[in-house]
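Colleague: For reference, the structure I am asking about is given below.
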Amino acid sequence: MADPRGFLRTRDRELPARRPVPVRLMDWREVYEAREKGTLSVVSRQAGRCMDCGIPFCHQGCPLGNLIPEWNDLVYRDDWQQASERLHATNNFPEFTGRACPAPCESSCVLGINQPPVTIKNVEVSIIDRAFEEGWVQPIAPTRQTGRSVAVVGSGPAGLAAAQQLTRAGHTVVVLERDDRLGGLLRYGIPEFKLEKRHVDRRLQQMRDEGTRFRTGVDVGGTGEGALSVEELRTRFDAVVLATGASVPRELAVPGRDARGIHSAMEYLTQANRLVEGDALSAPISAAGRDVVIIGGGDTGADCLGTALRQGARSVTTLAIGTQPPSERDATQPWPTHPVLFEVSTAHEEGGQRSYLASTTGFEVDADGAVTGLHVARTGFEGGRRVPTPGTDTILPADLVLIAMGFTGAREEGLMADLGVAMTPRGTVEHGESWETSVPGVFTAGDCARGQSLIVWAIAEGRSCAAAVDEHLMGGTSLPAPVSPGEKPVTV
Ligand SMILES: Cc1cc2nc3c(=O)[nH]c(=O)nc-3n(C[C@H](O)[C@H](O)[C@H](O)COP(=O)(O)OP(=O)(O)OC[C@H]3O[C@@H](n4cnc5c(N)ncnc54)[C@H](O)[C@@H]3O)c2cc1C
Ligand code: SF4
């Protein structure tokens, strides 16, 4: 145990300072101050609050089963290199989760029953940042080659985790990515101010050095330039992992939806991220000087908010169809579950209005076909369903509308249809206990298998799927499998 009296000595959470809002709105860099080495003593103090519980519920809270008390103890004892080893034992990419994970581990921290929980996520990111700085993160090349080949389709966190595990197990792994850059939603979904892309590039370099091969601009099952047919895919590789994400956006079928100035969140965020990458000098969809309305109060909506504010929007309003969540756990969301609470993300700190119980029933469109506003009614509840209350419509002016209502599942046409893999009624790729789809030798992981989820689940599924592929190819495996297909977070 790190410090037997640590949780008595330090009763509060201590987190790194965020840069002042007016300053950070002027650039795209991460919102936190650069972590100075001197601040690591604060991290050690927080790690020292860990009680090394007999049953560490944080292990259950984290889908990767991160060995949280072990690395807390090592950090407290100033053995950061060992802490990095223990962290990498369960997590391929702690620099992504340590920045962008909603940290269900902290919701299930036992200290959280009567004190603020340990700042687990910040300890995690501090370990990995230090490990990279000190040069402790080195390629782990396989000690033998199996002569078997695997195609991983999709380079998001699920595909990358599967690829790294399989390369290290000695297979020849090629990651095929449709986009021009690697990383999936880490690259073109999550904005730079939450996850700077240099972290993605740094990890990709390690993977290249280990032997993973990457091909961008390859649309597997597509028809245009750079397309690779499923026949070639099957003949060239001994096994295939589908990690293509859940990219079909949930639509809002109301009058006026086709007007100019209404976009899906991913259309908007992708081109904003491309701009930061230096692909263009100005954003094709810019919020500069505009009244922006974001439909959808979740994390993607918050990413649109932070982006629109940095682009210089005149106003930004976020509409949520449901009620405002409570600020603290209530009886319906007891410890150790991950509660849905009223969240003030870094983007919310920066500006914008939030409106709850707001149902969009249509758009106002001018004679040129451009959106000028939204019809918004108060949400009512009928038989458990959320419906607009008649007679409560008001008009909210807007000249840019972003639809951030989530995703309904994986794209079926093209790759999935050509391969002939069965889909579930939820629009995800059907798979059994061994992560294998209905087509032998074709496996799946991440959002396309699970539905829209989180980076931590994508990595956990990628790791588990890799173990199943290794077993399929070799008749046995020593790779870890932290989750089983369809496993759910801790619930009551
Ligand atoms: C805007 C946004 C913000 C988010 N923020 C967070 C966050 O802060 N924290 C968090 O934990 N989660 C967040 N998420 C969720 C998280 O990003 C996803 O759960 C995760 O990226 C899923 O990983 P994946 O590997 O399954 O798929 P993806 O990351 O979606 O990657 C799939 C890849 O497959 C490629 N592909 C698809 N079809 C083909 C094909 N036919 N041929 C070749 N390549 C193909 C795609 O181009 C893509 O690169 C966010 C999601 C969005 C949309
Ligand atoms: S990956 Fe997420 S849940 Fe797991 S330890 Fe890190 S922050 Fe917590």
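The values are calculated or read from the model by the stated rules, or taken from the named source; none is laboratory data. All values derive from a computational prediction rather than experimental measurement. All Cβ positions, even for glycine, are placed from backbone atoms using ideal geometry, and neighbour counts span all protein chains on display.
Colleague: Within region 80-103, how many residues turn out to be over 17 Å from LEU15 (Cα atoms) and either within 9 Å of ligand 2 (Cβ to nearest atom) or under 20 Å from the mean Cα position of the chain (by Cα) (or both)?
Modeller: So the answer is 8.
Colleague: Looking at this structure, is ASP180 among the acidic types (Asp, Glu) and within 16 Å of ligand 1 (Cβ to nearest atom)?
Modeller: When the stated conditions are applied, ASP180 passes them.
Colleague: In addition: Give me a count of the residues in region 51-79 that are among the β-branched types (Val, Ile, Thr), at pLDDT 95 or above and away from ligand 2 (no atom under 12 Å from the Cβ).
Modeller: Count: 1.
Colleague: Restrict the check to region 255-265 and report whether at least one residue is of a type outside the set (Ser, Thr, Tyr), more than 16 Å from ligand 2 (Cβ to nearest atom) and touching a helix residue (DSSP H, G or I) at 6+ places or on another chain (Cβ under 8 Å).
Modeller: yes
Colleague: Of everything in region 332-366 that's of a type in the set (Ser, Thr, Tyr) and buried (at least 19 other Cβ atoms within 10 Å of the Cβ), which residue is farthest from ASP291 (Cα to Cα)?
Modeller: Of everything passing the filter in region 332-366, SER359 is farthest from ASP291 (Cα to Cα).
Colleague: Sticking with this one: So, in region 1-34, exactly how many residues are closer than 19 Å to LYS197 by Cβ and among the polar types (S, T, N, Q)?
Modeller: Of the residues in that region, 0 qualify.
Colleague: Please count how many residues of region 115-142 are within 16 Å of ligand 1 (Cβ to nearest atom), touching a residue at least 40 places away in the same chain (Cβ under 8 Å) and not aliphatic (A, V, I, L, M).
Modeller: 2
Colleague: Picking from THR212, THR167, THR223, which residue would you name as being more than 9 Å from ligand 1 (Cβ to nearest atom) and out of contact with any strand residue (DSSP E or B) (no Cβ under 6 Å at 6 or more places or on another chain)?
Modeller: So the residue among THR212, THR167, THR223 that is more than 9 Å from ligand 1 (Cβ to nearest atom) and out of contact with any strand residue (DSSP E or B) (no Cβ under 6 Å at 6 or more places or on another chain) is THR223.
Yes/no per residue for (1) within 21 Å of GLY261 (Cβ to Cβ); (2) in contact (Cβ under 8 Å) with a residue 12 or more places away in the chain:
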{"residue": "VAL292", "(1), (2)": "yes, yes"}
{"residue": "GLY306", "(1), (2)": "yes, yes"}
{"residue": "PHE342", "(1), (2)": "no, yes"}
{"residue": "GLY362", "(1), (2)": "yes, yes"}
{"residue": "ASP366", "(1), (2)": "yes, no"}
{"residue": "GLY383", "(1), (2)": "no, no"}
{"residue": "VAL387", "(1), (2)": "no, yes"}
{"residue": "VAL401", "(1), (2)": "yes, yes"}
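Colleague: So which pairs qualify, if the first residue must be in region 80-92 and outside the structural domain of ARG168 (by TED's automatic domain parsing), the second must be basic (Lys, Arg) and surrounded by fewer than 16 Cβ atoms within 10 Å (Cβ to Cβ), the Cβ gap must be under 9 Å, and the two must be at least 6 apart or on different chains?
Modeller: ALA83/ARG77
Colleague: Report the residue count in region 330-383 for those that are closer than 30 Å to ARG24 by Cβ and out of contact with any strand residue (DSSP E or B) (no Cβ under 6 Å at 6 or more places or on another chain).
Modeller: Final tally of qualifying residues: 15.
Colleague: Now for a different question. Considering region 451-476 alone, what residues qualify as being farther than 21 Å from THR408 by Cα and either among the polar types (S, T, N, Q) or part of a loop (DSSP other than H, G, I, E, B) (or both)?
Modeller: Listed by number, the residues that qualify are SER464, GLY475, GLY476.
Colleague: Listed residues LEU195, LEU160, LEU186; which is crowded, with 18+ Cβ neighbours inside 10 Å, in a loop (DSSP other than H, G, I, E, B) and within 16 Å of ligand 2 (Cβ to nearest atom)?
Modeller: Result of the check over LEU195, LEU160, LEU186: LEU195.
Colleague: Given the conditions (1) surrounded by fewer than 22 Cβ atoms within 10 Å (Cβ to Cβ); (2) of a type in the set (A, V, I, L, M); (3) under 13 Å from VAL401 (Cα atoms), which single one is not true for LEU275?
Modeller: (3)
Colleague: Then there is this: Identify all residues within region 474-492 that are modelled with pLDDT of 95 or more and touching a helix residue (DSSP H, G or I) at 6+ places or on another chain (Cβ under 9 Å); write none if there are none.
Modeller: GLY476, THR477, SER478, LEU479, PRO480, ALA481, PRO482, VAL483, SER484, PRO485
Colleague: Looking only at residues that are at positive phi and not in a strand (DSSP E or B) in region 385-442, which one is farthest from ligand 1 (Cβ to nearest atom)?
Modeller: Restricting to residues being at positive phi and not in a strand (DSSP E or B), the top hit is GLY391.
Colleague: In this structure, does ALA131 turn out to be over 14 Å from the mean Cα position of the chain (by Cα) and within 16 Å of ligand 2 (Cβ to nearest atom)?
Modeller: When the stated conditions are applied, ALA131 passes them.
Colleague: Related question: Of the conditions (1) within 15 Å of ligand 1 (Cβ to nearest atom); (2) in a loop (DSSP other than H, G, I, E, B), CYS448 fails just one. Which one is it?
Modeller: Unmet for CYS448, out of (1) within 15 Å of ligand 1 (Cβ to nearest atom); (2) in a loop (DSSP other than H, G, I, E, B): (2).
Colleague: Can you run down the residue pairs with Cβ atoms below 6 Å, 6 or more apart or on separate chains, where the first is in region 95-106 and of a type in the set (Asp, Glu) and the partner is within 7 Å of ligand 2 (Cβ to nearest atom)?
Modeller: If the second residue must be within 7 Å of ligand 2 (Cβ to nearest atom), the pairs left are GLU106/ILE120.
Colleague: How about region 297-345: which of its residues are at pLDDT 95 or above, of a type in the set (Lys, Arg) and more than 23 Å from the chain's Cα centre (by Cα)?
Modeller: ARG314
Colleague: Right, something else. Only one of (1) more than 27 Å from THR437 (Cβ to Cβ); (2) in the same structural domain as ASP470 (by TED's automatic domain parsing); (3) more than 13 Å from ligand 1 (Cβ to nearest atom); (4) not hydroxyl-bearing (Ser, Thr, Tyr) is not met by ARG236, so which one is it?
Modeller: So the condition that ARG236 fails would be (1).
Colleague: Quick one: in region 89-108, which of the residues that are out of contact with any helix residue (DSSP H, G or I) (no Cβ under 7 Å at 6 or more places or on another chain) and within 18 Å of ARG463 (Cα to Cα) is nearest to ligand 1 (Cβ to nearest atom)?
Modeller: The residue in question is THR90.
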